[in-house]
Amino acid sequence: MENKDFMDPELTEEEKKEMILENEDDYLEGMLAAAEDVAEDTQKIDIIRKGHKYFSFRIHSLPDEMLRDIRKKYTKYAKNRRQGIRVAEELDTPKYRASLIYNSTVGTDGNKIWDNPVVKKGLEQKGICIINALDVIEAVLLSGEKDRIMDIIDEFNGFNNEELKAETAKN
């Protein structure tokens, strides 16, 4: 039983329970460490064009509720006449992406970059209509940059976790 995983189908239920109890402290430590990593983990994103670094900001993961609320806020719903229920019809992709980037940005970085009144005023002087921080994100970042940032945000929130995919496929 030394090298077996408690998910091993060859183990009896009693052996599985015994193995879990023997390793309970390790599992608890692992779970607590994983929760701590989620709370403290950030990743730096550099905006570089033609070899010139323009600015950087850090992102963090978002809780499920916030991800759901952002998607809901920027989704247009329509009533299905046959079933009488509301169904998602269209996602305002630019606002959705900008909102995810904004909400994923570490607070102090967001204040310096997206909510910076000097940046907003400078963009307005260039003729760009700026109402809020999402407009700053849309004006400052190129479409491809937003796509790459969204990929990083997805990965950071665990959506592109190759190790998890491999483990899920194996079981």
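The values are calculated or read from the model by the stated rules, or taken from the named source; none is laboratory data. None of the values given here were measured: they were computed from a predicted structure. Please note: Cβ atoms are built from the backbone with ideal geometry, for glycine as well, and neighbour counts cover all protein chains shown. When the accessible area is computed, the model is the full protein with side chains, heavy atoms only, and any ligands, DNA or RNA have been set aside. Shrake-Rupley method; radii C 1.70, N 1.55, O 1.52, S 1.80 Å.
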Report summary line: Flagged in segment 31-45 as under 28 Å from ILE113 (Cβ atoms), among the aliphatic types (A, V, I, L, M) and at pLDDT below 80, in numbering order, are VAL38, ALA39
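Take residues that are open to solvent by 60 Å² or more (accessible area, probe 1.4 Å) and at pLDDT 95 or above and tell me which of the strands (runs of 3 or more DSSP E) falling wholly in segment 46-163 contain 2 or more.
By residue number, 52-59.
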Requested in this report: Scan segment 92-119 residue by residue and report those that are of a type in the set (Asp, Glu) and either touching a Gly at 6+ places or on another chain (Cβ under 6 Å) or within 15 Å of ILE70 (Cβ to Cβ) (or both).
Outcome: ASP92
